[in-house]
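To keep things clear, I will list the structure first and then write my remarks on it.
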Amino acid sequence: MSAHHWIDVAIQTPAHSPVGGLLSYRSPFGVQLGQLVRVPLGKRDVLGVVWALRDAAPADMPESAVRDVLGVLEGLAPLDSAWRQLVQFSAQYYQRSLGEVALAALPPQLRDLTSEQLARRLKKQTADCAVQTTPGPALSEEQGTVLAQMASGTGPFLLFGSTGSGKTEVYLQAVERMLATDPQAQALLMVPEINLTPQLEERVRARFGSEAVVSMHSGMTPAQRLKGWLAAHAGHARIVLGTRMAIFASMPHLKLIVVDEEHDPSYKQQEGARYSARDLAVYRGKLQNATVLLASATPSLESWHLSRPANSEDPGGRYQRLLMPSRIGTALLPKVRRVDMNKQPRRAVLSTQLVAAIQERVERGEQCMLLLNRRGYAPVLHCADCGWKSECKHCSAFRVFHKIDRTLRCHHCGLTERVPRACPECGNADIAPIGRGTEQLEEHLGELLAHVLRPDGTPVRIARIDADSTRLKGALESQLAQVHSGEVDVLVGTQMIAKGHDFRRITLVAAVNPDTALFSSDFRAPERLFALLMQAAGRAGRDAAQSASSEMWVQTFHPQHALFEALKKHDYPAFAASELAERTAADLPPISHQALLRADARTQEAAQGLLNAAREALEAQLSADPSTVDLVLQVSVYPAVPMSMQRVADVERAQMLLESPSRMALQKVLWHLHGVLHQVRSQPEHKGVIRWLVDVDPQAI
Ligand code: ADP
Ligand code: ZN
Ligand code: ZN
């Protein structure tokens, strides 16, 4: 008779489960750490990862209560220790259960497969995916220097390179060099959103052969995801191209991680474990001894700060900064023109100069792009007689007027109703839209440019791309293809169109109304706006032949604002320096570190009640123990406040901010807070609370 093996298995447990997602089992056969197993859980049979091997039966339960492992997923190598450590760290740092993070990191289909089904999938795999590298262009001097710096340093690296400076080419050649020196090496290329940048995927596949490349993003079918995951896990896929979720791909021979557009907020997961894939990339690089390259034309202030050069008072940041200031070839960055909207007729949407400039370009056969970060026709409908506004009855927000289907839609809870014929309060028939969205801009442009003809004498063609126009599967791809093939002269859209596209014939980009971000309560709003405008400007004049005449227009009531001054000079470092000075003065990230505790409840009082009770209990607990009393001084815990979107779908939301100059101290306090919350939550006076969650390094306050 063989001895029993006692093991702890990571399984998907409900969030915040006190067991942390590890359960003990007995295995009649030998198992290895990291192996995938099927185990019983209640009446179900679930997938788990072997997380710890025990010497003896667990002490806290009778031996007879420990259940047997049902089986091992044959044919799969165990998940290696680096992968397990990445998961463990993520769970701890982002305050979620280990099992939740581990299982979320695996392709969903793996959970449902029997061993036989899995065996069939594995058999279908082509063992050795040949890499066929097609040589790239000769490197520019700046590209060559950057690659040499990467080869001689250890990183992590922050590549600060203008749009069009050839950053993508640097990634490709870094991959190429790595593949050439190590016959097993794998590279992970991360992008914010793959469906917005299909060209990148094409470029990578064209360079290395489709066989060697797998994609990982949420738009794939479960079967595709499993296939890609298996290929990466087995080491067959040499290059993984993916969105934030790809940071958890099992890649045993990972040697290079590239994070493109590293400043992009979509690297931060917004539900479950709210991880930052960019920050985890740096952590994972250290674990697996892989080179990490973060890159952007407008780095996040976090990464910029972490890559600051040393001086006599400051040892400098941990990242090595690499520079590529020039565009490839003779292409120039577009000229930035500010239009002072104070000098325009009141309530003008488009200045006369901008309309004239658009007309001129269309008549020359060039393309223009107009950005307005608000979809729909108008953000609110209003009755001038009684003051009624199109509020959502479930959210603290207005419902947006969509003229196309004459609806009022809440962009938060989805509540959609037909536009009323008259004011629902007083019956006044004359209810009017206030403000404007992309739908209205498209309509307005159609009127203003109705008489404008293209060089071949045909009328101007205007199109709109935003979340509404691209709701159907494949719509975005086909609309982008139309712009590329020149079937559109003037493109109107939200920030969706500013990202990454290589539109060759766009020579004019305009931000119609960017001012709101200047005065937002979110301290990151100016950083986001600057990145968006720089990126949008980067869409213009990518073709060297037209770059000299390309322009970025900004309509603003604050033309002298420092942000626009820096934009005009394409001077990210100046902008970053002034923002960092403000952040330093106000003790905000990246100088300090933050976490948010959020509570949702039926009433605002109940939500805040839980948070404030937790705050008091936390402080009492920390102060009572000499080993933790210092934490009270190191970490500020602010009183609970309503969230800026206070009510969504009839749920009241409150938040509590924790802030500290020390990441470590903040982590320790969060650990204590976790215990405190379980206690407080179980008290009867907090039963009205629906849920609570922690967001570490939140992207919005
Ligand atoms: P970025 O990623 O910085 O915006 P890309 O890598 O997309 O820039 O390069 C911009 C354009 O220049 C692309 O069309 C690319 O093919 C081209 N390019 C990049 N590097 C070179 C090079 N060394 N020689 C010639 N063309 C290049
Ligand atoms: Zn009214
Ligand atoms: Zn709503």
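Key figures
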quantity	calculated
Residues of the stretch 226-261 that turn out to be farther than 17 Å from Trp83 by Cβ and either in contact with a His (Cβ under 9 Å, 6 or more places away or on another chain) or in a strand (DSSP E or B) (or both), as a count	6
Which listed residue is surrounded by fewer than 17 Cβ atoms within 10 Å (Cβ to Cβ), at pLDDT below 95 and small (Gly, Ala, Ser), from Ser97, Ser24, Ser81, Ser115	Ser115
Residue count for the stretch 48-64, restricted to those that are open to solvent by less than 50 Å² (accessible area, probe 1.4 Å) and either aromatic (Phe, Trp, Tyr) or more than 38 Å from the chain's Cα centre (by Cα) (or both)	3
Subset of the stretch 478-501 [within 23 Å of Pro455 (Cβ to Cβ) and either within 16 Å of ligand 2 (Cβ to nearest atom) or not in a helix (DSSP H, G or I) (or both)]	Ser485, Gly486, Glu487, Val488, Asp489, Val490, Leu491, Val492
Subset of the stretch 172-220 that is of a type in the set (Lys, Arg) and within 26 Å of the chain's Cα centre (by Cα) - its residue that is farthest from Glu477 (Cα to Cα)	Arg205
Those residues of the stretch 507-541 which are modelled with pLDDT of 90 or more and under 24 Å from Leu448 (Cβ atoms), in sequence order	Thr507, Leu508, Val509, Ala510, Ala511, Val512, Asn513, Pro514, Asp515, Leu533
The lone exception for Trp388 - which of (1) at pLDDT 95 or above; (2) within 16 Å of ligand 3 (Cβ to nearest atom) it fails	(2)
Where a residue in the stretch 410-432 is open to solvent by 70 Å² or more (accessible area, probe 1.4 Å) and its partner, wherever it lies, is near ligand 2 (Cβ under 9 Å from one of its atoms), with Cβ under 6 Å and at least six apart	Glu425/Cys386; Glu425/Trp388; Ala429/Ala422
Verdict on Leu110 being assigned to a helix (DSSP H, G or I) and open to solvent by less than 70 Å² (accessible area, probe 1.4 Å)	yes
Conditions (1) crowded, with 17+ Cβ neighbours inside 10 Å; (2) over 24 Å from Arg504 (Cα atoms): number failed by Met369	(2)
Counted residues, the stretch 70-99 - those being more than 23 Å from His593 (Cβ to Cβ) and within 24 Å of the chain's Cα centre (by Cα)	4
The lone exception for Gly34 - which of (1) open to solvent by 70 Å² or more (accessible area, probe 1.4 Å); (2) within 24 Å of Pro222 (Cβ to Cβ) it fails	(1)
All strands (runs of 3 or more DSSP E) inside the stretch 584-701 with 2 or more residues being in contact with a Cys (Cβ under 8 Å, 6 or more places away or on another chain)	641-648
Residue within the stretch 324-337 that is more than 31 Å from the chain's Cα centre (by Cα), within 16 Å of ligand 1 (Cβ to nearest atom) and farther than 30 Å from Thr154 by Cβ present	yes
Residue list for the stretch 92-104, filter: under 17 Å from Ala281 (Cβ atoms) and assigned to a helix (DSSP H, G or I)	Tyr93, Val101
Selection within the stretch 568-582 - crowded, with 19+ Cβ neighbours inside 10 Å and either under 20 Å from Ser396 (Cβ atoms) or at pLDDT 95 or above (or both)	Tyr572, Phe575, Ala576, Glu579
When residues of the stretch 285-322 are limited to those that are over 21 Å from Met178 (Cα atoms) and open to solvent by 60 Å² or more (accessible area, probe 1.4 Å), the one farthest from ligand 2 (Cβ to nearest atom)	Ser312
Number of the condition not met by Glu417 [criteria: (1) part of a loop (DSSP other than H, G, I, E, B); (2) within 16 Å of ligand 3 (Cβ to nearest atom); (3) not hydrophobic (A, V, I, L, M, F, W, C)]	(1)
Where a residue in the stretch 328-350 is of a type in the set (D, E, K, R) and its partner, wherever it lies, is in a loop (DSSP other than H, G, I, E, B) and more than 16 Å from ligand 2 (Cβ to nearest atom), with Cβ under 6 Å and at least six apart	Arg338/Pro559; Asp340/Pro559
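Results for (1) basic (Lys, Arg); (2) in contact (Cβ under 8 Å) with a residue 60 or more places away in the chain; (3) surrounded by fewer than 16 Cβ atoms within 10 Å (Cβ to Cβ), shown as yes or no for each residue.
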| site | (1), (2), (3) |
| --- | --- |
| Val512 | no, yes, no |
| Asp522 | no, yes, yes |
| Ala531 | no, yes, no |
| Ala536 | no, yes, no |
| Ala540 | no, yes, no |
| Ser549 | no, no, no |
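The values are calculated or read from the model by the stated rules, or taken from the named source; none is laboratory data. Because the structure is a prediction, the values reported are computed rather than measured. No Cβ is skipped: glycine too gets one built from the backbone with ideal geometry, and neighbour counts run over all protein chains shown. Just the protein is used for accessible areas: all its heavy atoms, side chains included, with ligands, DNA and RNA removed. Shrake-Rupley method; radii C 1.70, N 1.55, O 1.52, S 1.80 Å.
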